[in-house]
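Here the structure comes first, spelled out in structure tokens, and everything after it is commentary.
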Amino acid sequence: MREALAAEPQSPAAATVSVEDGRPFDVAIVGGGYTGLWTAWWLTESQPGVRLVIVEQGTCGGAASGRNGGFVHGWWDQLPYLVELFGAERALQLAGLVDESVQAIGDWCAGHGVDAWYRKGGYLRVSASPSQDGEWRAAVDTARRLGVPDQYVELTRDDVQARCASPVLRAGAWMPNAATVQPARLARGLRRVLADRGVVIREGAQVRRLRLDGNVTLETPAGRIEADQAVLAVNAWGAGWPGFRTALLTWGSHIVMTEPVPNLLRDVGWTRGEAIADARFTVHYFRTTADDRIAFGAGVGAAGYGGRVNGRFDADRRAEARARASLARFFPALADVTIADAWGGAIDISPDRLPLIGSRHGGRVHFAHGFSGNGVAPAHFAGRVLSAMVGAPSGELARLPLVNRPHRPFPPEPLRFVGVRAVREALVRRDELQDAGRQVPWGLRLLTAVPKLLGYRMGVKGERNH
């Protein structure tokens, strides 16, 4: 985010917001991350002249949208579960729509002069221990059976090593239609383009209450904002909103970033920009940058209580140390390399790790959240769906089977926090033991099986996602 802000054009549109005239807006969007920004973009495309306001408690792109790993890929690895939920035809439709977002983001950046370091290098899902072998096979087989075998392709160990010769990488699967971005540059570029289009952007304005009394009214410390409809694009913060508290969990993911290491990248043959993730539940995800650094992340951070997102999500020394140790395991030559920066952020986890998209209050308030650590391309898709729900509620996009689908709720607090914290740490410990080739005690195996036994899609081989 610091790099993106330093590179940001200092034009009036980028430095200030538009001035409203006191009339109610057509749509008020709460949240200035990818979901809210893309919703605004799609609305300005489909409804020229629409009156929009984006209300963001911090800085647009300052939360997960500006600090994620920058992986841009679709849902081909989720195909078996999509088929289970919606049937083969609808599963292919949904996977295809999210897949369109991968290229659409790159085309949008090129068309609007946004240098978000978009690089289409593909996505590699790999095994980094025997326990992870074959995690991708059900998705590869389903893609083959449904006639899209090129979307997700199984690779041998030699194939994987040819792309990145880390000593721990084994076999894997390849999703060719995938890319990486500098995530904060993308978010800030979206903000600039929307400001140029006349969208009102209020940063530093926390929404404390939403009321429906004729109009939708947002109450902020600076005053009220009225609109005909509202979109809640608050992601992890949704776990603290009335009506969504049992729909989401929050926990942290942390990234360490090296100094430039061009020689190491050449030595291991990792020069084509592949985004890589292993098949743990507490996933390791890593990619290269435009200036030859490695950004290495791990989903090993803290859980949140009652939807509160505090400073521990931004900086957690224990989580950063775990990510640093894992980086050295994957790339032993980097054991003593300088870590130039480290940061974290909150992830919003849904009960089945697919986004929750829907409407409340008679179709006046719409929402999307629960991207579960894979939100760059799906948020572009969700913004498209939300804009349709606002402007064309009878259209096909607004009636996709993903919209307003039922889900199993999480337990209320304090059960949610106690249970998530215990299971979370157990999952991390299980993954670390398996990475080290050690036996997982039966009690630990039992604890990590609890989510599945309760009907949640977490920690089960073949059903992981980052």
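The values are calculated or read from the model by the stated rules, or taken from the named source; none is laboratory data. Everything numeric in this text was worked out from a predicted model, so none of it was measured. Glycine gets a Cβ as well: all are built from the backbone with ideal geometry, and neighbour counts include every protein chain shown. Ligands, DNA and RNA are excluded from the accessible area calculation, which covers all protein heavy atoms including side chains. Shrake-Rupley method; radii C 1.70, N 1.55, O 1.52, S 1.80 Å.
Brief remarks on what is shown
- Scope the stretch 286-307; condition surrounded by fewer than 22 Cβ atoms within 10 Å (Cβ to Cβ) and hydroxyl-bearing (Ser, Thr, Tyr); matching residues: Thr289, Tyr305
- Condition check for Pro242 on (1) at pLDDT 95 or above; (2) of a type outside the set (S, T, N, Q); (3) at negative phi: one failure, at (1).
- Restricting the first member to the stretch 411-424 and to residues that are within 13 Å of Leu446 (Cα to Cα), and the second to residues that are open to solvent by 30 Å² or more (accessible area, probe 1.4 Å), the beta-carbon pairs closer than 7 Å and six or more apart or on different chains are Ala422/Leu447; Val423/Leu447; Val423/Val450.
- Number of the condition not met by Asn310 [criteria: (1) touching a helix residue (DSSP H, G or I) at 6+ places or on another chain (Cβ under 9 Å); (2) within 30 Å of Arg208 (Cβ to Cβ); (3) open to solvent by 40 Å² or more (accessible area, probe 1.4 Å)]: (1)
- Residue match in the stretch 90-108 (condition: touching a helix residue (DSSP H, G or I) at 6+ places or on another chain (Cβ under 6 Å) and of a type in the set (Phe, Trp, Tyr)): no
- Identity of the residue in the stretch 245-257, open to solvent by less than 20 Å² (accessible area, probe 1.4 Å) and at pLDDT 95 or above, that ends up nearest to the chain's Cα centre (by Cα): Ile255
- Residue in the stretch 301-315 that is more than 16 Å from the chain's Cα centre (by Cα), among the charged types (D, E, K, R) and modelled with pLDDT of 90 or more present: no
- Residues located in the stretch 135-152, provided they are surrounded by 18 or more Cβ atoms within 10 Å (Cβ to Cβ) and within 23 Å of Phe286 (Cβ to Cβ): Glu135, Trp136, Ala139, Val140, Gln151, Tyr152
- The requirement of being under 25 Å from the mean Cα position of the chain (by Cα) and hydrophobic (A, V, I, L, M, F, W, C) is satisfied by Ala143.
- Filtered residues of the stretch 359-383 (kept if crowded, with 21+ Cβ neighbours inside 10 Å and outside any loop (DSSP other than H, G, I, E, B)): His366, Phe367, Ala368, His369, Val376, Ala377, Pro378, Ala379, His380, Phe381, Ala382, Gly383
- Of the candidates Asp336, Asp348, the single residue that is among the acidic types (Asp, Glu), part of a strand (DSSP E or B) and modelled with pLDDT under 95 is Asp348.
- Restricting the first member to the stretch 191-213 and to residues that are part of a loop (DSSP other than H, G, I, E, B), and the second to residues that are loosely packed, with under 14 Cβ neighbours inside 10 Å, the beta-carbon pairs closer than 7 Å and six or more apart or on different chains are Ala205/Ala222; Gln206/Pro221.
- Any hit, the stretch 217-229, residues being at pLDDT 95 or above and closer than 20 Å to Ala279 by Cβ: no
- Ala184 vs. criteria surrounded by fewer than 23 Cβ atoms within 10 Å (Cβ to Cβ) and either more than 21 Å from Trp41 (Cβ to Cβ) or small (Gly, Ala, Ser) (or both): no
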